[in-house]
1. Which one of the conditions (1) in contact with a Gly (Cβ under 6 Å, 6 or more places away or on another chain); (2) surrounded by fewer than 18 Cβ atoms within 10 Å (Cβ to Cβ); (3) over 24 Å from Glu489 (Cβ atoms) does Val275 fail to meet, given that it meets all the rest?
2. How many residues are farther than 16 Å from Lys453 by Cα and among the hydrophobic types (A, V, I, L, M, F, W, C) if we restrict to segment 294-321?
3. Out of everything in segment 395-450 that is closer than 18 Å to Ser522 by Cα and among the hydroxyl-bearing types (Ser, Thr, Tyr), what residue ends up being modelled with the lowest pLDDT?
4. Have a look at Lys252, Lys211, Lys222 and point out the one that is charged (D, E, K, R), buried (at least 20 other Cβ atoms within 10 Å of the Cβ) and in contact with a helix residue (DSSP H, G or I) (Cβ under 9 Å, 6 or more places away or on another chain).
5. Would you say Ser422 is in a helix (DSSP H, G or I) and free of Cβ contacts under 8 Å to residues at least 60 places away in the same chain?
6. Please go through segment 294-329 and give me each residue that is part of a strand (DSSP E or B) and of a type in the set (A, V, I, L, M), ordered by number.
7. Would you point out which residue out of Pro472, Pro480 is buried (at least 22 other Cβ atoms within 10 Å of the Cβ), part of a loop (DSSP other than H, G, I, E, B) and not aromatic (Phe, Trp, Tyr)?
8. Within the group Phe674, Phe659, which residue is surrounded by fewer than 19 Cβ atoms within 10 Å (Cβ to Cβ) and of a type in the set (Phe, Trp, Tyr)?
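The values are calculated or read from the model by the stated rules, or taken from the named source; none is laboratory data. Please read these numbers as outputs of a predicted model, since none were measured by experiment. Using ideal geometry, Cβ is built from the backbone for each residue, glycine included, and neighbour counts are taken over all protein chains shown.
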Amino acid sequence: MEKIEMKRRDFVKIFGLATGGLLLGCNISTDKVVINTLEDGISFVPNLFVQLQNDGKLTIVVARSEMGQGIRTSMASAIADELEADWQYVSVQQATGDAKFGNQNTDGSRSIRTLLNPMRKMGAMARAVLEQAAAKKWNTALANCTAENHFVVNTVSGEKVFFGDLIEEAKTITIPTDENIKLKDKKDFKYIGKAAVRGIDMEDFLHGNAKYGLDARLPNMKFAAIARCPVTFGTVKSFDDSDAKEIAGVEKIIQLDRLKPPTGQFFGMFGGVAVIANNTWSAFQGKSNLNIEWETGANGSYDTEKFNEKLVSRIHNQAKVVPPFKGSVEKAFKDADKIIEATYTMPHLAHAPMEVPNALAWVQEDKCEVWAPVQDPQTVRAEIAHFFGFELENITIHVMLLGGAFGRKSKSDFVVEAVALSQKVDAPVQVVWTREDDIQHSFYHAQNAQYLKGSLDKNGKVTGWLHRVAFPSITSSFKPMSDYLAGFELGMGFTNNPYQIENFQIENAKAESHVRTGWLRSVSNIISGFGINSFVDELAIAGGTDQIEFMLDLIGKDRVATAESPHPFNSARLKNVLKKVRGLSNWRRPLPEGHGMGVAIHYSFYSYVATVAEVSVKNGKVKVIDIYSVLDCGMYVNRDAVMNQMEGAAIFGTSLTLFGKISAKNGAVEQSNFHDYQMTRMKDAPNVHVELIDNNEDPTGVGEPGVPPISAAICNAIFNASGKRVRSLPLSDHGMV
């Protein structure tokens, strides 16, 4: 491992922490958790930090991005619980983007999954240091000293000492090794897994003091709005800026060339024409007054309706077979009692977080400083270094609170734009996208098509399964000619199908990309979750079997996957959430006329989810009444945050089922704002019921696993309510909302 020397005063300066106190670090980049005091400088690369002050204030440096999922609270509470800290003394400091913090990319539902154990050890280490310091102070045996709620108590004499009063003794204590750190028993947790922890940012949220990317301000800063070609990767042919210059506040008009990413990494920026002004409104107005002639390029003829026809045609013909495959689907179909076939399609989707993309950059000679709501600050840093030639150590990324993201803000294009403009105007520049920019120039969830063919024997048992899928790969956004899916995309529900089927085959058809494709919340699991769960429902109906019983039978015997993984698939856990949702929803209860229930399950990000939806269908219109979801994510930290994530996933999934559609004609996206790219309003929102499985399994994903079952559960419920089978989304395309 590279040795990095950093003086404590430099560390304190970088993070804005107070001087003095006790500063402790923890390294989780190796198999072991390595811990050390930072008092005399750092001779290793720490990922987690805590600082204790004389007044008892405990500051935890958090290296993951907060976008409403509660990660700052969860990380702080995991450390504070093991430390026996009083929550009123706990605060957080957001880390800048830097490789020394380990992986800072806040996506893939991985933060708690990868950090819970190290965070607990960090807190337990600090507790052990303070207990040893108290033993030294009192000249008593360590066994007599126990940390309790920000004090160390002498269990023999009854004395107690405040954490802040132990700092000087603590600086002399030898730090315990990883093997000698004792973690709490689960029964002794007071924050982990509880609902009583108040969000670390809650006061700021409630009183409007939270600082999002759009709140970043510097003296003499400029504001920029950028006109981009309506067609992906189109360029400026010519422009007339005379009308734009007439807008009060507009100071400069600049043409930006596209920055193309090198093969295999980065994302670059579109380019276009930027209006620089002394306020955002003038920048927006100036942009609207530009007269631009565009060169639309290769994507100028892109039409999503025609592309859908192309994808459907391709999946109805043999495609590239991908492993794993079992038996012979041809023989299974030949010997079948019944054959069921279905084609499912979904359109492009946009992330549309409440806070639009934005970034404030300040380039000063050979240094660059950025304030932005980003999910992946290290990639932002690397892109700036690549495109503009700055040394990494001269690039500082201040991670602001994110007003929503859903994956969009893991891309860096809006930051690259701000850096390019700041460099050109020699001043701080904040680039602000409009909602129209956000909807029409996003990294989209891929338009897709699936064909499934299954066979049943005379007893209604599945004997064969063929699944063909086609959609543009995410890798196409930074690697040209990626016309087939990457293995990790196929591994999101397709090749790791949870059902035990004797004859099984997956095929991948070609699908070129005409827009930028990105990972929207739950990524390809949205596609597989809709197709597989809808088709299983069709198979169950054809076999005359209760859908839940059919699914339990199809999952098969209890088994744990043998593939190397820190969280191997366990079929018993998947069956358990399915059984639990049967009880939670009171499945098969009598329903009013025109009502129906549908069920779906999915395994993603190592978590297990089962969902039941109840809908009503009246005069062809669908109302989603209730959604019941059961989640098994192993040990969870913040119960409220997990419940919120599952409730949010239900609303998110309902939105894309009812309304979600991005379409293009002549290469340009047709939707522009929330009037034509709708979200679930209060009048459309279902009642959401969530149950969490409580166990001692290792923590797994939370933010994304709740989304994939929603669409199929709703559509299956529509069939049970009306007899109408919906195989293409959204429902608004069918006049059903």
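1. Val275 satisfies every listed condition except (2).
2. 4
3. Only one residue tops the list, namely Ser410.
4. Among Lys252, Lys211, Lys222, only Lys222 is charged (D, E, K, R), buried (at least 20 other Cβ atoms within 10 Å of the Cβ) and in contact with a helix residue (DSSP H, G or I) (Cβ under 9 Å, 6 or more places away or on another chain).
5. no
6. Answer for segment 294-329, where residues must be part of a strand (DSSP E or B) and of a type in the set (A, V, I, L, M): Val321, Val322.
7. On the way: Pro480 fails: buried (at least 22 other Cβ atoms within 10 Å of the Cβ).
It is Pro472.
8. Phe674
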